[in-house]
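Below is one structure; the comments refer to it alone.
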Amino acid sequence: MQDNRLLHHAVAFLVVAIWGSTFVFTKLLLVSGLTPAQIFTLRFIIAYVLLLAFCLYKGIRWMANSWKDELLMVGLGVTGGSLYFLTENSSMNYTTTTNTSLIVCLCPLFASALIALFYHSERLNRTQVVGTLMAAAGVIVVVMNGHFVLHLSPIGDSLAFAACLCWAFYSLLMIPANAKYDTLFITRKVFFYGLLSMVPYFLCYPGLNLHILAEQPATIWNLLFLGCGASMLCFLAWNWVLKKLGAVVTTNYVYFNPVTTILFAWLILSEPITIYFIIGTVLILIGMYLAERGVNRVRG
């Protein structure tokens, strides 16, 4: 049991590490001329087609048990797919990357509070509260990197906060979904309804700029990484870990996102590691340890 739990934590960390690296590939695609909506749509199309092909081969289940459960899947597709990515990526057009990263990466705080409102068994004990707040403080130190000045932007910061709430609601909705359905079915539905809910957007702003892929072949490899790895495999793994570790513990791994992003930038782009990064990372690690210890106490 202990080995299995270590595996679950390792998978959660690996997923966050991959998601932390996607900023480079997304940035390259933005520079090539694709919009945030087009990038999201293309990566989700790749992920959905691959999952659909696998499900057709293995035997597919098309619909949920009831229309209420199907609406639950719609909610997952919107909060974890279209609305989340649109608000997060759009926020960077109005505010700084620092503001966006800081607000979005604090979503475990809101997720924990939201889940506690609906599920008494998921409420945090004192040790978990201390651990979560310490991890959140670590995120602030890492993201601010010694420059404790925020450039407030009502529109941009509101969009980032909306993305934060979207992921919190996604974590909440995954609890009843995981109780009834397997990970493969849920993930396929997330991609499908994430794409379907983008139709109104493309009615207003049509076009996927597919000619860019033909003119710049390197963009295809970037999209394949985002679609196959960061979307299909990571969403499958993340939803599986949500079922195994619980929504609160798993969502806390989002705190590691800026850490893995900076490490990736250090390895690939030779960006320096600062003392603030080290201090913030230590706070996050201690906070995560306390949060996990709190869970074990409750179970014990």
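What is the distance in Å between the Cα centres of segment 28-43 and segment 153-220? Cα centroid to Cα centroid, the span is 13 Å. The residues of segment 52-107 have, on average, 50 Å² of accessible surface per residue, using a 1.4 Å probe with all protein chains present. Note on the chain: the alpha carbon radius of gyration divided by the globular reference 2.2 N^0.38 Å gives 0.98. Under the convention that each Lys and Arg Cβ holds +1 and each Asp and Glu Cβ holds -1, the size of the dipole of the chain around its Cα centre is about 780 debye. Set the bar at 29 Å for Cα to Cα. Now go through 27/68; 189/244; 27/58; 58/180 and name every pair that lies beyond it. From the list (27/68; 189/244; 27/58; 58/180), the Cα-Cα distance tops 29 Å for 27/68; 27/58.
A dipole drawn for the chain from +1 and -1 charges on Cβ atoms has a positive end, and of 155, 246, 142 the residue lying farthest that way is 246. The stretch between residue 35 and residue 140, if pulled fully straight at 0.36 nm per residue, gains 34.9 nm over its current Cα-Cα span. Given 280, 80, 113, which one lies farthest toward the positive end of the charge dipole of the chain, if we put +1 on the Cβ of every Lys and Arg and -1 on the Cβ of every Asp and Glu? Of 280, 80, 113, it is 113. Judged by the mean number of other Cβ atoms found within 10 Å, the most tightly packed of the peptides 107-115, 71-79 leads the ranking 107-115, 71-79. Peptides 208-214, 129-135 ranked from most to least packed, by the mean per-residue count of other Cβ atoms within 10 Å: 129-135, 208-214. A straight chain from residue 267 to residue 218 at 0.36 nm per residue would run longer than the Cα-Cα distance by 15.6 nm. Only protein heavy atoms count here; under a 1.4 Å probe, residue 88 has an accessible surface of about 40 Å². For the chain, adding -39500 (n - 2.57) for each run of n ≥ 4 DSSP H residues and dividing by the number of residues yields -24500 deg cm²/dmol at 222 nm.
The values are calculated or read from the model by the stated rules, or taken from the named source; none is laboratory data. The structure presented is a predicted model; accordingly, all values stated were derived computationally and were not measured. No Cβ is skipped: glycine too gets one built from the backbone with ideal geometry, and neighbour counts run over all protein chains shown. These accessible areas exclude ligands, DNA and RNA; they are computed on the full protein's heavy atoms, side chains included. Shrake-Rupley method; radii C 1.70, N 1.55, O 1.52, S 1.80 Å.
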